[in-house]
């Protein structure tokens, strides 16, 4: 196994610059993820000349929001569910994009697929801002969701493939900071722009700045190596090492030696390889379930918190603040604890908090418990992004993260249904959310390997060899290229 970061550095000036430009893409992800809150904001109305609550020509109260998709297409009464359908369609787009871009980035590279997803998101977002009917609008939002899913996973993976194990922990946390800040920024955008059309236009056009990726975004040297583009990988690694003020004279010989030993005639790896190998199959199955439950609980408890006050802008701002606190708390947890420990204990605490919501008095107590549950969910989210990227080899890493992210979208889509169980009893929704994190904790304890301080795996064979012993090879201080265990 080759220790690339021993040659280009764990985290130097080049890594800092790369993280800065890639982190910018997280803002547009959060803008579109939370856009529905302002696109379909609750609005009061009355039917002129009648006491009925449903009519074809309602008069809407435009004091707070001048135009929303509700006022634009009369999404009230029997059409009320269409506003929720819009978000389901968007999340389904993220579902599709996570898988589509996860697989294509393993085939065509991280750089071109990330740029493509950003371009698609910009144009589909602008298009959605002036489409004349609900169905064309929803289709455009679906396309935005596809691109959004691509941005989420590719940005994370490309950063993780550059940063060495020494700094990978903290960088995997900091990449979530722009997302949480974006949560709070979008509240300000919604406050200043009360027309849904101009709101969508603004958050879409603001992403045009990311087109500088065409000129500046580099490819992943790990991906270049696994697809046998050795010369490009060598030139890129020499550039990175030189920028980080590290020696470059040994890079070419070490990379050529590595490729000579590992070049084979085996077919290109695909997402299906995750299910052909027993250890990878076990890991992807358990990890996908953990992602699904984490997303399911996070969006469920967020739905609960959103109903604690009538001020929509304060709701979004508070949610972003809670997630930012979770990000800060994650730094010492990941630095000083093992991945499995954080995931297991986080799920146990999350489970207890969500169950407690159904049994504590409503008011400040339920607010505090709900916020603690949301924080735990977000902490787990941060850790499993890092955990998953370390667990799967380069040849299928994006596909693996894409599948996990796809399952997270499933959790996000079913969460509202569980949150609406309240009419059947105060305890129904908390129990529906609270029991599953405990199952996730148990599965993680029994089946997943520990990956802290590991060198990222490159091939399926390395992953299988590591998984057989429930251990992932540790990073040495040696600069030599080590042979794979197989």
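Restricting to region 377-395, give me the number of residues that are over 16 Å from the mean Cα position of the chain (by Cα) and part of a helix (DSSP H, G or I). Outline the logic, then answer.
We begin by selecting, within region 377-395, every residue over 16 Å from the mean Cα position of the chain (by Cα); these are 391-395.
In the following step, the residues that additionally are part of a helix (DSSP H, G or I) were identified as 391, 394-395.
Within region 377-395, residues that are over 16 Å from the mean Cα position of the chain (by Cα) and part of a helix (DSSP H, G or I) number 3.
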Exercise. Find all pairs meeting these conditions: Cβ atoms under 8 angstrom apart; at least six residues apart or on different chains; first residue within region 200-221 and assigned by TED's automatic domain parsing to the domain that holds residue 188; second residue outside any helix (DSSP H, G or I) and buried (at least 18 other Cβ atoms within 10 Å of the Cβ).
Key: 200/129; 201/129; 202/193; 204/129; 219/109; 220/109
Quiz item: When region 28-46 is examined, which residues are found to be over 14 Å from residue 194 (Cα atoms) and either crowded, with 16+ Cβ neighbours inside 10 Å or under 39 Å from the mean Cα position of the chain (by Cα) (or both)?
Solution: 28, 29, 30, 31, 32, 33, 34, 44, 45
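I'd like the full set of residues that are in a loop (DSSP other than H, G, I, E, B) and within 28 Å of residue 93 (Cα to Cα), limited to region 410-452. Even if it seems obvious, please write down each step before you answer.
To start, the set of residues in region 410-452 that are in a loop (DSSP other than H, G, I, E, B) comprises 420-421, 425-427, 448-449, 451-452.
420, 421, listed by residue number.
So which residues in region 176-205 are under 15 Å from the mean Cα position of the chain (by Cα) and under 14 Å from residue 36 (Cβ atoms)? Explain how you work it out, then say what you get.
Here is the first cut: in region 176-205, the residues under 15 Å from the mean Cα position of the chain (by Cα) are 176-183.
Hit for region 176-205 is 183, nothing else.
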Self-check item: Which listed residue, of 60, 31, is in contact with a strand residue (DSSP E or B) (Cβ under 8 Å, 6 or more places away or on another chain) and either closer than 26 Å to residue 201 by Cβ or in the same structural domain as residue 174 (by TED's automatic domain parsing) (or both)
Solution: 60
Quiz item: What's the number of the condition residue 94 fails, among (1) buried (at least 17 other Cβ atoms within 10 Å of the Cβ); (2) modelled with pLDDT under 85?
Solution: (2)
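For region 52-65, does any single residue satisfy the condition of being surrounded by fewer than 19 Cβ atoms within 10 Å (Cβ to Cβ) and assigned to a helix (DSSP H, G or I)?
no
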Quiz item: Does residue 204 fit the bill of being at pLDDT 90 or above, crowded, with 19+ Cβ neighbours inside 10 Å and more than 18 Å from residue 26 (Cβ to Cβ)?
Solution: no
Quiz item: When only residues in region 233-247 that are crowded, with 16+ Cβ neighbours inside 10 Å and over 15 Å from residue 18 (Cβ atoms) count, which is farthest from the chain's Cα centre (by Cα)?
Solution: 246
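Every residue, every condition in (1) in the same structural domain as residue 445 (by TED's automatic domain parsing); (2) assigned to a helix (DSSP H, G or I); (3) surrounded by fewer than 21 Cβ atoms within 10 Å (Cβ to Cβ), yes or no:
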site: 333; (1), (2), (3): yes, yes, yes
site: 362; (1), (2), (3): yes, no, yes
site: 375; (1), (2), (3): yes, yes, no
site: 398; (1), (2), (3): yes, yes, no
Exercise. Kindly indicate whether any position in region 71-81 is within 18 Å of residue 136 (Cα to Cα), under 23 Å from the mean Cα position of the chain (by Cα) and not assigned by TED's automatic domain parsing to the domain that holds residue 410.
Key: no
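Is there a residue in region 433-449 that is touching a strand residue (DSSP E or B) at 6+ places or on another chain (Cβ under 9 Å) and either modelled with pLDDT of 75 or more or not assigned by TED's automatic domain parsing to the domain that holds residue 334 (or both)? Show your work before the answer.
To start, the set of residues in region 433-449 that are touching a strand residue (DSSP E or B) at 6+ places or on another chain (Cβ under 9 Å) comprises 449.
Checking the rest, the ones that are also either modelled with pLDDT of 75 or more or not assigned by TED's automatic domain parsing to the domain that holds residue 334 (or both) come to 449.
For region 433-449, residues touching a strand residue (DSSP E or B) at 6+ places or on another chain (Cβ under 9 Å) and either modelled with pLDDT of 75 or more or not assigned by TED's automatic domain parsing to the domain that holds residue 334 (or both): present.
Does at least one position in region 350-360 carry a residue that is part of a helix (DSSP H, G or I), in contact with a strand residue (DSSP E or B) (Cβ under 6 Å, 6 or more places away or on another chain), touching a residue at least 60 places away in the same chain (Cβ under 8 Å) and within 20 Å of residue 441 (Cα to Cα)?
Filtering region 350-360 down to residues part of a helix (DSSP H, G or I) leaves 350-357.
Within this subset, residues satisfying the condition of being in contact with a strand residue (DSSP E or B) (Cβ under 6 Å, 6 or more places away or on another chain) are none.
The answer is no, given that none of the residues of region 350-360 is part of a helix (DSSP H, G or I), in contact with a strand residue (DSSP E or B) (Cβ under 6 Å, 6 or more places away or on another chain), touching a residue at least 60 places away in the same chain (Cβ under 8 Å) and within 20 Å of residue 441 (Cα to Cα).
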Quiz item: Could you say whether any residue in region 135-143 is closer than 23 Å to residue 318 by Cβ, in contact with a helix residue (DSSP H, G or I) (Cβ under 7 Å, 6 or more places away or on another chain) and part of a helix (DSSP H, G or I)?
Solution: no
Exercise. Output the residues belonging to region 156-180 that are over 23 Å from residue 219 (Cα atoms) and surrounded by fewer than 18 Cβ atoms within 10 Å (Cβ to Cβ).
Key: 177
Exercise. Go through (1) in a helix (DSSP H, G or I); (2) in contact (Cβ under 8 Å) with a residue 40 or more places away in the chain one by one and return the number of the condition residue 117 breaks.
Key: (2)
Quiz item: Restricting attention to region 67-81, which residues are surrounded by fewer than 19 Cβ atoms within 10 Å (Cβ to Cβ) and part of a helix (DSSP H, G or I)?
Solution: 72, 73, 77, 78, 79, 81
Quiz item: Would you pick out the residues in region 4-18 that are buried (at least 18 other Cβ atoms within 10 Å of the Cβ) and in a helix (DSSP H, G or I)?
Solution: 4, 5, 6, 7, 8, 14, 15, 18
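The values are calculated or read from the model by the stated rules, or taken from the named source; none is laboratory data. What you are looking at is a predicted structure, and each value in this text was computed from that prediction instead of being measured. In this analysis, Cβ positions are derived from the backbone assuming ideal geometry, glycine residues included, and neighbour counts consider all displayed protein chains.
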